[in-house]
Amino acid sequence: MKVAVEGCCHGELDKIYETIAFLERKEGVKVDLLLCCGDFQAVRNEADMKCMAVPQKYRQMQTFYKYYSGEKAAPVLTIFVGGNHEASNHMQELPYGGWVAPNIYYLGYAGVVRYRGVRIGGLSGIFKSHDYRKGHFECPPYDQQTVRSAYHVRNIEVFKLKQIRQPMDIFLSHDWPRGIYHYGNKSQLLKRKSFLRQEVESNSLGSPAAAELLQHLQPAYWFSAHLHVKFAAYMQHQAQKDLLPKATKFLSLDKCLPHRDFLQIVDIEQDPSASDRLEYDPEWLSILKNTAGLVNTTARTWNMPENNGLFSRWDYSASESGLKEVQSDLGGDLRVPENFSATAPHYDPNNPQLQREPTYAVNPQTTELCACLGLTDPNACRTEGVGWEEEEQEDNLSTGSAEEPSEYPTDTSGLSSSVNPDEITIEEEWEEEGGEEAAIQSPPARLVLPSPSRTSSSDGLIENRPPFSLSASLPEPMGVSSSEEFTNEELARHEGAGLTDGIEGNSSPPSGESSAARPPKRISGENAATGQGMKKMKRRNQTIYTARGEEEGEEGDC
């Protein structure tokens, strides 16, 4: 099936869907699925904008509200994870995922679903070590701290994902797994984003929690965004026991702006016998049931259960009986119910309500799922004044102290000494440059990616993978050079990852624009001071885009 992957959405749904439609007409294809890698900005009204961590001048309505209100319908099934520029009050209504609009599905704080037999997982937010061991305690009205901490990744979500044993086809995150840049053209990345050099060289760029998940899940594809740059990598994992080693094809894309590489369409093999409807993943639901007693909705910090003598249970993975129980709970129907319902009024451009304050709602979708599976709704806990539910009273829960530091003791993944000139600045406002939208140049030929390896049935479990990956750092780079130029052999291997080429789009289609001329992409001002020109790496059938204007200002926290 044709899967469109998009970087940072920033609420530009109209432009993204228009670009997909243009590519479909241009290439004679039909896109089956759209995956968005965060900063989706599902803003329903003026109050939601007050819950989004961006400068006042960039609290713009954009176009999501049209799909929320029913004015428009999403033309393709859309699945997304949250980033660090979201209407957090809206996202918090759906901690386990759900529909934010018809045909637009949020994966929740963390989640796994299936579509046409392809297993898709995701982790929302960005990593900050000082909030990592806390519960999801934030609720509107947010202050200057909680409006940011609301989108920070928590250890409970990573713990749940580390209980997965079945193979993962696609995984989405907003920020990059730490160390993934060692598996692609690192030199080219630093030429385009020179401000990242210090963090890349110190191996402090990206999320250590995501790196741990990358080692544990070893998905066939991992898609990210956040740094507003297109970057592909190919990571060969170490072989486990008698199994053949797996490989992950990583791709990060830009934000939705003219002249930017924000969209790419890839071919992924589907199961022709699978349903055309979005489906729940039985293993994931079983894990949610098993971990229902670990809910923490306070700012209290604690470590996840582990085999250290302090916990009576530390393995929360799905069992065969647990999978059957989930099937029974759902009446044998794994299809995600199309039960979207509006929980807040939508924006009316003819009657703006600038004084509207954020709402705090318990979403019926979450209530229904929790009732069906026996889960705990964190929103209901906050409403009822319940902050902590202990699974077993006899467990001596490790709550963390000065003598018990986090497994990630430093916080360098997004709040660094380097300043990202291509990110939205929270503390200091920036000016957007670039002006008019440009034409999409003729996209290159489609590239069929290798199909994901499938080593078990949908109901079976892999028992030969350890329940925890013990290292948060990636193994030594393999297979891709970080020197300034790829060798022919390395380039061929890199292209084999299937992520340097493909159908690409970088703006909404204009009318009457010819695609015959393809001027080269101009380097941004970040290298202008040194006088260094960007060396162009020639790749088969790659579109060369025009780049006008200087790179926009952003923030390392974005």
Inset, instruction - Test each condition in (1) out of contact with any helix residue (DSSP H, G or I) (no Cβ under 6 Å at 6 or more places or on another chain); (2) crowded, with 24+ Cβ neighbours inside 10 Å for A209 and report the one that comes out false. - result: (1)
Legend entry - Number of the condition not met by L251 [criteria: (1) in contact with a Pro (Cβ under 9 Å, 6 or more places away or on another chain); (2) in a strand (DSSP E or B)]: (1)
Inset, instruction - Output yes when any residue across region 338-350 is surrounded by fewer than 16 Cβ atoms within 10 Å (Cβ to Cβ), charged (D, E, K, R) and under 29 Å from V147 (Cβ atoms), and no when none is. - result: yes
Legend entry - Which listed residue is more than 26 Å from R133 (Cα to Cα), open to solvent by 30 Å² or more (accessible area, probe 1.4 Å) and more than 15 Å from the chain's Cα centre (by Cα), from K186, K193: K186
Legend entry - Enumeration of residues in region 6-25 that are charged (D, E, K, R), surrounded by 19 or more Cβ atoms within 10 Å (Cβ to Cβ) and out of contact with any Ser or Thr (no Cβ under 6 Å at 6 or more places or on another chain): E6, E12
Inset, instruction - All but one of (1) open to solvent by less than 10 Å² (accessible area, probe 1.4 Å); (2) closer than 25 Å to R148 by Cβ; (3) under 19 Å from the mean Cα position of the chain (by Cα) hold for Y96, so report the exception by its number. - result: (1)
Legend entry - Boolean, I180 is crowded, with 24+ Cβ neighbours inside 10 Å and over 18 Å from G7 (Cα atoms): no
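I'm trying to understand the selection: among the residues of region 26-62, which are in contact with a strand residue (DSSP E or B) (Cβ under 8 Å, 6 or more places away or on another chain) and either open to solvent by less than 10 Å² (accessible area, probe 1.4 Å) or not in a loop (DSSP other than H, G, I, E, B) (or both)?
First, the residues of region 26-62 that are in contact with a strand residue (DSSP E or B) (Cβ under 8 Å, 6 or more places away or on another chain): 27, 29-40, 42.
Result: E27, V31, L33, L34, L35, C36, C37, G38, D39, F40, A42.
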Inset, instruction - Taking Q188 as meeting all but one of (1) under 22 Å from G293 (Cα atoms); (2) in a helix (DSSP H, G or I); (3) of a type in the set (S, T, N, Q), write down the number of the exception. - result: (1)
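Looking at K255, is it touching a residue at least 12 places away in the same chain (Cβ under 8 Å), of a type in the set (K, R) and surrounded by fewer than 24 Cβ atoms within 10 Å (Cβ to Cβ)?
Criteria not met by K255.
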Inset, instruction - From the list D254, D329, pick out the single residue that is closer than 25 Å to Q365 by Cα, in contact with a Cys (Cβ under 8 Å, 6 or more places away or on another chain) and modelled with pLDDT of 95 or more. - result: D329
Legend entry - W314 vs. criteria modelled with pLDDT under 95, open to solvent by less than 20 Å² (accessible area, probe 1.4 Å) and in a loop (DSSP other than H, G, I, E, B): no
Inset, instruction - Return the pairs, sorted by first residue and then second, in which the second residue is of a type in the set (S, T, Y) and assigned to a loop (DSSP other than H, G, I, E, B), the first residue lies in region 317-333 and is closer than 22 Å to H216 by Cβ, the beta carbons are less than 8 Å apart, and the residues are 6+ apart or on different chains. - result: none
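Conditions (1) farther than 21 Å from N303 by Cα; (2) among the hydroxyl-bearing types (S, T, Y); (3) surrounded by 16 or more Cβ atoms within 10 Å (Cβ to Cβ); (4) modelled with pLDDT under 80, marked per residue:
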{"position": "E357", "(1), (2), (3), (4)": "yes, no, no, no"}
{"position": "N363", "(1), (2), (3), (4)": "yes, no, yes, no"}
{"position": "L369", "(1), (2), (3), (4)": "yes, no, yes, no"}
{"position": "G385", "(1), (2), (3), (4)": "yes, no, no, yes"}
{"position": "S401", "(1), (2), (3), (4)": "no, yes, no, yes"}
{"position": "P405", "(1), (2), (3), (4)": "no, no, no, yes"}
Inset, instruction - Residues being outside any helix (DSSP H, G or I) and surrounded by fewer than 19 Cβ atoms within 10 Å (Cβ to Cβ): count how many of those fall in region 280-290. - result: 0
Inset, instruction - Could you check, for region 264-287, whether at least one of its residues is touching an Asp or Glu at 6+ places or on another chain (Cβ under 6 Å) and closer than 30 Å to M52 by Cβ? - result: yes
Inset, instruction - Please work out if S275 is in contact with a strand residue (DSSP E or B) (Cβ under 9 Å, 6 or more places away or on another chain) and either assigned to a loop (DSSP other than H, G, I, E, B) or within 26 Å of V153 (Cα to Cα) (or both). - result: yes
Legend entry - Test: residue in region 291-311 that is of a type in the set (D, E) and open to solvent by 10 Å² or more (accessible area, probe 1.4 Å): yes
Inset, instruction - Take region 64-93 and flag every residue that is open to solvent by 20 Å² or more (accessible area, probe 1.4 Å) and either of a type in the set (D, E) or assigned to a loop (DSSP other than H, G, I, E, B) (or both). - result: G70, E71, K72, A73, P75
Legend entry - Residue ranges of strands (runs of 3 or more DSSP E) in region 102-149 with at least 2 members hydroxyl-bearing (S, T, Y): 104-106
Inset, instruction - Count, please, the residues in region 99-113 that happen to be open to solvent by 10 Å² or more (accessible area, probe 1.4 Å) and either out of contact with any Ser or Thr (no Cβ under 9 Å at 6 or more places or on another chain) or hydrophobic (A, V, I, L, M, F, W, C) (or both). - result: 2
Legend entry - Positions within region 117-133 being farther than 30 Å from K2 by Cα and open to solvent by less than 10 Å² (accessible area, probe 1.4 Å), in sequence order: F127, K128, D131, Y132
Inset, instruction - For region 279-295, indicate whether the set of residues that are hydroxyl-bearing (S, T, Y) and more than 23 Å from S173 (Cβ to Cβ) is non-empty. - result: no
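The values are calculated or read from the model by the stated rules, or taken from the named source; none is laboratory data. Model, not experiment: these values are computed from the prediction. Glycine also receives a Cβ, built like all others from the backbone with ideal geometry; neighbour counts cover every protein chain displayed. Heavy atoms of the whole protein, side chains included, go into the accessibility calculation; ligands, DNA and RNA do not. Shrake-Rupley method; radii C 1.70, N 1.55, O 1.52, S 1.80 Å.
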